[in-house]
Amino acid sequence: MFGSIRHKRSLVAAATLATAALTLSTLPAQAFSPHYEVGVSASTIKLGITIPLTGSAAPGYNKVPAAMSAYFNYVNDNGGVNGRKISLVVKDDAYLPTLAVAKTNDLVLKDKVFAVVGALGTANNKAVASSVNLGRRGIPSLFINTGYSGFADKAKYPTTYPLLPSYIVEAKIMGQYIKDNYAGKKLGLIYQDDDFGSDAQAGFKAAGVKFDVSVPYASGSQSAASGAAWVGKLKAAGAEVVVVFGVSSATGVALAASAALSYKAQWILGSVGGDATTLKALGVPAAILTGAQGASFLPSPGDATDEYIKQFQDINTKYNAGAVFDNNVLIAMNTAMLTVQALRAAGSNPTRAGLMAALESKGGSFASASFSPILYSSSSHVGYTGYWIGKYNSSGVMLPDGGKYTLYTTDSGAGAVNTVASKRPAMPAKGLPNN
Amino acid sequence: MHKSRSIRLLVFIVIALAAFFLSNVVDELRVFQGASLSVYIVAIASIVLLTGYSGQISLGHGALMAIGGYSAVLAHNHWKVSIPISFAIAIVSTAFFGSILGWAAARLKGPYLAGTTLALAVGLPSLANQFSVLGGEQGLAFDVGAPPKSLGSDFTQYKWYFWICALAALIIVWITQNILTSRYGRQWRAMRSAPISASLSGIHIGRSKVLAFTISSGIAGLAGAMLVMTLNLVTPSAFPLSLSFAIVTGAVLAGVTNLGGGVIGALVLVAIPDIADLLAGKMGGAEKISANLPGFITSLILIVTVLLLPNGPKLSKLVSHKTK
Amino acid sequence: MRLFSTLLIGLSSGAIYSLMALALVLVWRSTRVVNFAQAGQAIASTYIGYLVISRTDNYWLALPVALVAGALIGALVDVALIRTLNKRVKSGPAAEMAPVIVTLGLLGLIRSTVGMIWGGDLKAYKAPVTNHGFTFGTTTIPFSPYNLLIVITAVIVMAVFSIIFQKTNLGLSLRAAAFQPEIARLAGVRVDLVRTIGWAFAGGAGAVAGVLVTPSNSLSPNSLDLLLVLGFVGAVIGGLESLLGAAIGGVVLGIGLAFILEYVSTSLAFPSAFIVLILVLLIKPSGILGKKGGRGA
């Protein structure tokens, strides 16, 4: 008994000595090596994301982390970022703010990530920014996946960088398009009966569009029976042009019901619920989608003639086990590519503050698949601000009218809607940023 | 009786001191989990009082927590009241709502009561979207402010939440404990185990049940206010059905009839996701496996625990005997 | 016409709620457990049906396969889990709540298992008959041949159940075991076996509901959650004790929701289901067809 304790003691002593020796031997080296920011080592940069992987909000979004990791792995295999390999820690928040806060705490305090990238959801990001106190801790939350305009408020969310154009911007642009192209037609609107929908209504109002019939639906309640009721109302009002500003399942229900009821209208789909692959999985017949219009800030994921799409599809085949290439995968890869550029711009010894400064000074010049400019600056956290309007062809690919992309841009306030010729930076060679 | 009460008070003060000492030595992640733990302890206390004592079932206490959360935030944001006052308002307004609900609930039995409260948990948060004053899906910000300067510059926000939550939890558990050992607590127990003889001995069953529901609701309202404080936000999605289920689960794991066990139930609720994540991380595997493994493990632990310890851990039994 | 078609649409969605309600009532009667795992059992069965459809492209094969799978899963749940639960949790303060936790846990277990096997993506399969509405002259109503198929299938399932319950020895045993298990046991009924058969029937009914509802929505590990809640509302409206009550409760709920959607508000239909439930229970605490005063649970 005693023997074993003594034995242990001598072991401990030996271990202590060894550790001391090790520490001493590494001390001089450490004195010359640079001090690294949290989440950064000589060979790695650690990032984190919270997103629903399970639960009713998961379908679609659950494809994002794998696609982001696929792009990062592609970059890692081609030299990484200034020699460092990027890793992405993925946490499932089930789309609940309580879990989003708890999991972000894990990312920040346990996994000690350098930055959070692509976190999803309006309420979740609000709770996280405030409760985890990203601002005071100086932790960047890059390219968050929500269209709530409030995140651009730099005073309130100093380290949060929204990327997607706001829902208000989208509705204003759609409204302008309707006024330009469908003047005098009877207009209908299907919208979600919460902030998502009220942002849309605010945007349409700002654009001066009045709908002859508006059909609200409660989030999560959409079913075949509700689709029939919506279409019944649109039909009764004689709506000729119908905007669906809702999630995919609502868009699917509306389109399926209109097919079942032989109701013909010019459909205009919002970007949130306008992914052709998802709609197909929801059982929407191709015939009803053909000829429908939609708004998007990215090229259509099915458009293999686009240089970005082609390159991303290629990476997807090799690094993402050929997952179905839909809007979620596209947004994920695009976000990952922007992240790599931001990390490169932050320099050879990236810090959190340096990352944000680089994003604000150089973010506007980053290559991305979107036709919209990125407006990050020292005074603004607004990301994309523009949409183009296209038409779905018979294979579900959305293409611009007349084959030429026309970009509409505006702000989330009272600003006018402008038409600009779209120009975006060319895809860097092999899809590897060289900024 | 009086002596045991003063001993109990001493125990509470010791726990309080230990908690505050702990908050200074553990890391920040644990401090935040300590705040979550306090929220669960209070929520579980509301179920212990309702189910363990008055024998009524609720699968909808998440909805009552929502009422408490919204009340606290509205009061804090509109009337600029202090945190303790906003918590008190949460308790009172939820208790008021609970008294109406309790009046209805007293007429219902077993599965019907479960069904009604379940409906409430599903329906009520979605109703919040109908009123713009409640801020819709994005919710309303709830900023309790930074900790007072006098606590020092390295006193973190999370420690501040923990102190507030732990203190609120201690106070409410102390009060609840006293209610449960009072005349009312004894009436409820009599009513639950032998309703007919309780009624014969002069206990007004209906009124007694409504009272239990009212008090339980008030406690749940406080838990809701504490929850939204740790989130800095009140939103319908903070009160999903899974929250209602979680606190019932916590109460059952605690052995439903005693408050002391509530700490264990709350610990399990906070710890299970961590354990599941850890195990899932060790096992790894394809993405669809790793995404679902934590949920799988959590469910498995719940089932096994309830089958093995249907009436809570033995340790809690000791505590409950003392209060009988 | 509008009134008529709303009625028909309500009938069709109500038929599916009824099947789910039936499944819940069957289990409640025999075991005194509100089986939250029913949505899980149904989703697993529906995925098995989906597997059959994606391999053979044959809905008519998938429906019976899913039904049998659902029945087997139901029986398995009873034998492997509920019997143990009943043995271990006989009395005590948690006796009423333990089944709730166990079935909820099982729901999570099945859902994550399904997610591990099939992933979290949306799946879909087509209805075997068109979902294009019937046309009268120039008017197309929302009620389609597929809706008709749903109603007919539900009616057949319920008819088979009622024949079994009313006309066969098995039915007699099932009823006896549900209401007087001790006396039934004395009379030579193998109560445990009969109870398991009840679980199997319930599993089958839930599976049919899942397979029927999926073509109009889509399939994912959570896609039947709403059906479970609405089925439960239907069952409670019907009084939880009677199979006929479950059928009527589901249809009443379906038609009620269709009318609210059509005539009141497209956004309030969901919360109003719960308001209706609460009102029904306040006016008649034991459901429409429940016995007076209800059974003490």
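The values are calculated or read from the model by the stated rules, or taken from the named source; none is laboratory data. Just so we're clear, the structure is a prediction, and the values are computed from it rather than from any experiment. Cβ sites come from the backbone with ideal geometry, for glycine too, and all protein chains shown count toward neighbours.
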Scanning the range C:148-190 residue by residue, those part of a loop (DSSP other than H, G, I, E, B) and either within 14 Å of chain A (Cβ to nearest Cβ) or under 20 Å from C:Gly250 (Cα atoms) (or both) turn out to be none
Going through the range B:244-265 in order, the residues found to be touching a Gly at 6+ places or on another chain (Cβ under 8 Å), among the aliphatic types (A, V, I, L, M) and crowded, with 24+ Cβ neighbours inside 10 Å are B:Ile247, B:Ala251, B:Val252, B:Leu253, B:Ala254, B:Val256
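Here's the yes/no breakdown for (1) part of a loop (DSSP other than H, G, I, E, B); (2) buried (at least 24 other Cβ atoms within 10 Å of the Cβ); (3) at pLDDT below 90; (4) away from chain C (no Cβ under 14 Å):
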| site | (1), (2), (3), (4) |
| --- | --- |
| A:Tyr157 | yes, no, no, yes |
| A:Ala171 | no, yes, no, yes |
| A:Asp180 | no, no, no, yes |
| A:Gly232 | no, no, no, no |
Taking the range B:274-297 and keeping only residues that are surrounded by fewer than 17 Cβ atoms within 10 Å (Cβ to Cβ), aliphatic (A, V, I, L, M) and facing another protein chain (nearest Cβ under 10 Å), one is left with B:Ala286
The residue that is nearest to the other protein chains (Cβ to nearest Cβ), considering only those in the range A:182-209 that are assigned to a helix (DSSP H, G or I) and among the small types (Gly, Ala, Ser), is A:Ser198
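What helices (runs of 4 or more DSSP H) completely inside the range A:263-379 contain at least 2 residues that are over 26 Å from A:Asn62 (Cα atoms) and not assigned by TED's automatic domain parsing to the domain that holds A:Pro59?
A:286-289
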Inspect the range A:276-284 for any residue being within 11 Å of another protein chain (Cβ to nearest Cβ) and under 24 Å from C:Thr139 (Cβ atoms) and give the result as yes or no. yes
Condition set facing another protein chain (nearest Cβ under 7 Å) and in a helix (DSSP H, G or I), scope the range B:98-117, selection surrounded by the fewest Cβ atoms within 10 Å (Cβ to Cβ): answer is B:Ala104
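Table: residues versus (1) in a helix (DSSP H, G or I); (2) within 29 Å of C:Leu224 (Cβ to Cβ).
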| site | (1), (2) |
| --- | --- |
| A:Ile45 | no, no |
| A:Ala57 | no, yes |
| A:Ala70 | yes, no |
| A:Asn76 | yes, no |
| A:Gly79 | no, no |
| A:Ile86 | no, no |
| A:Lys91 | no, yes |
| A:Ala100 | yes, yes |
| A:Asn105 | yes, no |
Counting only residues that are among the hydrophobic types (A, V, I, L, M, F, W, C) and surrounded by fewer than 24 Cβ atoms within 10 Å (Cβ to Cβ), the range A:114-132 contains a total of 1
Taking the range C:257-274 and keeping residues in a helix (DSSP H, G or I) and either surrounded by 23 or more Cβ atoms within 10 Å (Cβ to Cβ) or within 14 Å of chain B (Cβ to nearest Cβ) (or both) leaves C:Leu257, C:Ala258, C:Ile260, C:Leu261, C:Glu262, C:Val264, C:Ala269, C:Phe270, C:Pro271, C:Ser272, C:Ala273, C:Phe274
**Asked** For C:Ile248, are the conditions met, namely being assigned to a helix (DSSP H, G or I), over 13 Å from the mean Cα position of the chain (by Cα) and surrounded by fewer than 22 Cβ atoms within 10 Å (Cβ to Cβ)?
**Response** no
Sole miss for A:Pro140 among (1) within 27 Å of A:Met333 (Cβ to Cβ); (2) within 9 Å of chain B (Cβ to nearest Cβ) is condition (2)
Wholly inside the range C:55-147, helices (runs of 4 or more DSSP H) that include 1 or more residues that are under 18 Å from the mean Cα position of the chain (by Cα) and farther than 29 Å from A:Thr278 by Cβ are C:59-77, C:98-118
Taking the range C:60-102 and the residues there that are among the charged types (D, E, K, R) and over 18 Å from C:Ala44 (Cα atoms), the one that is farthest from the other protein chains (Cβ to nearest Cβ) would be C:Arg83
Note to self: Please verify whether B:Leu140 is of a type outside the set (Lys, Arg) and either touching a strand residue (DSSP E or B) at 6+ places or on another chain (Cβ under 7 Å) or within 14 Å of chain C (Cβ to nearest Cβ) (or both), treating the condition exactly as stated.
What the structure shows: yes
Quick count over the range A:53-83, residues being more than 28 Å from B:Pro240 (Cα to Cα) and crowded, with 21+ Cβ neighbours inside 10 Å, is 9
Condition set closer than 23 Å to B:Ile247 by Cβ and assigned to a loop (DSSP other than H, G, I, E, B), scope the range B:118-143, selection modelled with the lowest pLDDT: answer is B:Gly139
Test B:Ala198 against the stated conditions and say whether it is out of contact with any Asp or Glu (no Cβ under 6 Å at 6 or more places or on another chain), free of Cβ contacts under 8 Å to residues at least 40 places away in the same chain, under 30 Å from B:Lys80 (Cα atoms) and among the small types (Gly, Ala, Ser).
no
Over the range B:148-203, the set of residues of a type in the set (Ser, Thr, Tyr) and under 25 Å from A:Leu109 (Cα atoms) is B:Ser153, B:Thr156, B:Tyr158, B:Tyr161
Screening B:Thr230, B:Thr249, B:Thr176, B:Thr214 for residues that are under 16 Å from the mean Cα position of the chain (by Cα) and without any contact (Cβ under 8 Å) to a residue 60 or more places away in the chain leaves only B:Thr249
Of the candidates B:Ala276, B:Ala271, B:Ala280, the one satisfying the condition of being under 28 Å from C:Leu228 (Cα atoms) and either touching a helix residue (DSSP H, G or I) at 6+ places or on another chain (Cβ under 9 Å) or part of a helix (DSSP H, G or I) (or both) is B:Ala276
For the range B:74-86, pairs from a residue that is surrounded by 12 or more Cβ atoms within 10 Å (Cβ to Cβ) to a residue that is part of a loop (DSSP other than H, G, I, E, B), with Cβ under 7 Å and 6 or more apart or across chains, are B:Ala75/B:Val81; B:His76/B:Phe142; B:Ile83/B:Val144
Counted residues in the range C:216-231 being within 7 Å of chain A (Cβ to nearest Cβ) and not in a loop (DSSP other than H, G, I, E, B) come to 2
In the set B:Ala90, B:Ala95, the lone residue that is at pLDDT 95 or above, more than 13 Å from every other protein chain (Cβ to nearest Cβ) and surrounded by 24 or more Cβ atoms within 10 Å (Cβ to Cβ) is B:Ala90
Flagged in the range C:51-85 as aliphatic (A, V, I, L, M), surrounded by fewer than 15 Cβ atoms within 10 Å (Cβ to Cβ) and over 30 Å from B:Ile301 (Cα atoms), in numbering order, are C:Leu61
Quick count over the range B:36-62, residues being in a helix (DSSP H, G or I), in contact with a Ser or Thr (Cβ under 8 Å, 6 or more places away or on another chain) and more than 10 Å from every other protein chain (Cβ to nearest Cβ), is 6
